[in-house]
Structures are given as C-alpha cells and as structure tokens.
Amino acid sequence: MHHYSVFTAKTLSGTFNEDVLKALQVDLPSLAFEHDFLLDAVLFAAMVHLGCSGIPVKNLPFFAYRDRTLRALRGAIGNISSGNIHAVRGASVLIAAVSFPTDRITNQPGLWMSNWMALALGQRNFQAMPEFEQYTPGEKNPISARGLYGSFSDLFAPAVIPHPIQPLLNRDCNLRENSFYHSTLSTAAGELGRLISILGTPFEPVFLEKQAKAWTFDVVPPDFLSFIQQERPEALVILAYYLAVLKFLPRTWIYEDCLTHDIEVVASILGPAWEEHISLPWRIIQMDDNIAAAHLLVSCLGDIAGSQ
C-alpha cells in the first residue's frame with residue numbers, strides 16, 4: 001500500500017490534473033478499506049508496478065489478486081448503488097490501467113490489446129448514472145470518470161473510414177453479404193477515423209489519451225472484440241491502425257512495448273498475403289518523428305483531413 005500511494009499512483013496520473021492525482025493517491029486507498037475488491041485492485045496495481053521495477057515476478061501473486069478482483073468486481077457491477085459506485089469505478093480504472101504491463105511482465109502470448117479490450121465489455125464508462133451521482137455537502141467523489149475517460153461526444157469531426165481500410169470493406173462479396181460483420185467493422189473504422197482526426201489539430205496528449213480509451217469504451221461494438229479474438233483479418237487491420245494512434249500517447253511504463261508486440265502478433269496472424277494492408281501502421285509505429293508520423297496517419301482521411 002505504501003508503494004502504491006507513494007510511487008504507483010503518481011505514475012498512473014502522469015498526464016492528469018492534481019485532483020485526479022489526489023483521488024488515485026489518497027481517496028482510493030482510503031475507500032479501499034471499505035471495499036475488498038478495490039483493496040485487491042490497489043494491491044494488484046502496486047504489484048504490477050513493482051514487477052516493472054525489477055522485482056522478481058515469481059514472488060508476486062499477480063494472477064491470484066487479479067482474478068479475485070475481477071470476480072468481486074463483476075459481482076459489484078451487477079449490484080451498483082450509490083454506496084459502491086466510486087469503488088467500482090476506481091477498481092475498473094486500476095485493472096484497465098495495468099493490463100498491458102501485466103501481460104508484458106508475465107510474458108502473455110497473443111494480443112495484449114485483446115486482453116485490454118475484454119475489460120471494456122459490459123458496463124464500461126459508468127458515466128450515465130445520474131441516480132448515483134448525487135452528493136451531499138462535503139462528500140468526496142473519489143474518482144471522476146469524466147476526469148479519466150473522454151467521450152466521443154467531445155469530437156465534432158465526422159465519422160470517416162480511413163482510405164486504406166475502405167477497400168477491405170468493399171472488395172469481399174462475402175463480407176458485404178454478412179451485413180452484421182460489415183456493419184460492425186464499418187462502425188469501428190468510421191469512429192477510428194474520428195479518433196485519427198485529432199492528430200490533424202492542435203491537441204493535448206491527455207485529450208488524445210482519453211479519446212483513445214473512449215474509442216473502446218464508448219463506440220466500438222463489443223462484437224468487434226469477438227472478431228479480433230476470431231482473428232478475422234479485416235478486424236485485425238483496423239486494430240493495426242488503432243495501434244498506430246496509440247503511438248502518440250504518453251510514453252510511460254503503462255504502454256511500454258505494447259505497440260511493437262501487438263503489431264508483430266497481428267503480422268504473424270495475417271501472414272504475407274496481408275502484409276501490404278498493415279505496412280502503413282507498422283511504419284508509423286516505427287517512426288521516430290512523431291510530427292511526420294501524425295501527418296502520415298492523418299493523410300489516410302483524405303479530403304476530410306485537409307478541411308480540418
């Protein structure tokens with residue numbers, strides 16, 4: 001708990017304001033003593049951070065704490081009330097925040113992004129709950145979803161499918177005939193275009209980080225994850241372009257090695273026949289010049305990008 005409050009919380013809130021830092025560093029640990037699942041989430045986050053700091057992984061019970069937290073959290077989500085909403089929100093934030101580094105230090109196979117997206121299934125942002133958002137004078141709000149996650153309602157750019165992805169949604173007769181699959185991919189790709197459009201305007205890193213999370217939490221159909229897990233090629237190409245967007249997020253221990261790991265996994269799954277379709281996002285991920293990389297990714301939007 002000492003490590004979490006002194007070290008881990010600060011690294012989790014690197015791009016957020018002082019109120020969020022206080023919530024993560026002080027309010028959540030205090031609230032954790034009232035909710036066992038939140039206490040487990042806090043300790044789990046500290047363990048992962050310790051593991052990323054060189055502590056031998058074999059000595060830390062990562063999976064025991066993660067699994068216990070998830071089981072209890074799912075039960076709490078099924079019975080959300082004004083008494084546990086803040087604890088649910090806090091535990092959800094912590095579990096999602098350390099998903100990538102957990103997979104990294106435990107050498108998990110497959111797509112780390114798939115594991116992270118799985119955490120967004122079901123009740124996700126916990127924002128549309130006015131009946132639980134009433135505060136009495138002096139009551140603390142331990143963590144504000146609005147402070148950590150964005151909403152795609154904040155983006156005024158139109159949904160536009162990036163040009164390199166559009167042919168994949170049109171060329172396959174079977175894909176077009178499967179209207180549900182086609183509709184799911186079109187939604188994911190169109191909203192991805194809105195996300196990419198941020199890079200064509202002056203933006204704050206924290207805003208992009210929020211919107212990148214909101215893409216998964218708010219607008220991507222849950223079935224998109226199913227198609228990723230089924231290794232459907234068109235879905236994996238869309239995921240590759242999403243990975244390219246994450247290149248512009250703050251470079252912290254949270255996202256370390258995630259992009260190169262997952263783009264390599266995507267390439268391995270797709271094989272040489274699909275190499276040309278992910279060559280652009282792979283190139284963007286490898287570029288050192290973020291300004292040039294952003295211009296290249298925004299160029300995928302065509303005329304929409306030029307009118308921003």
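What follows draws every value from the coordinates through simple rules; no lab data is involved. No experiment lies behind these values; they were computed from the predicted model shown. When we count neighbours, we look across all protein chains shown, and the Cβ atoms used for this are built from the backbone with ideal geometry, even at glycine.
Given R0 = 35 Å, the distance between the Cβ atoms of HIS2 and ARG251 translates into a calculated FRET efficiency of 0.85.
Each residue of the range 159-164 is assigned a 3J(HN,Hα), and the resulting list reads 5, 9, 6, x, 3, x Hz, derived from the Karplus form 6.51 cos²θ - 1.76 cosθ + 1.60 (θ = phi - 60°), x at Gly and Pro.
The charge dipole of the range 152-306, taken about the Cα centre with unit charges on the Cβ atoms of Lys, Arg (+1) and Asp, Glu (-1), comes to about 220 debye, rounded to the nearest 20. For the range 2-108, a/c is not less than 1.5, where a ≥ b ≥ c are the root eigenvalues of the C-alpha gyration tensor, and a/b does not top b/c. That puts it in the oblate class. Maximal additional length on extending the ILE55-ILE269 stretch stands at 73.8 nm, based on 0.36 nm per residue less the C-alpha distance.
Cα centroid separation, the range 43-87 to the range 248-308: 31 Å.
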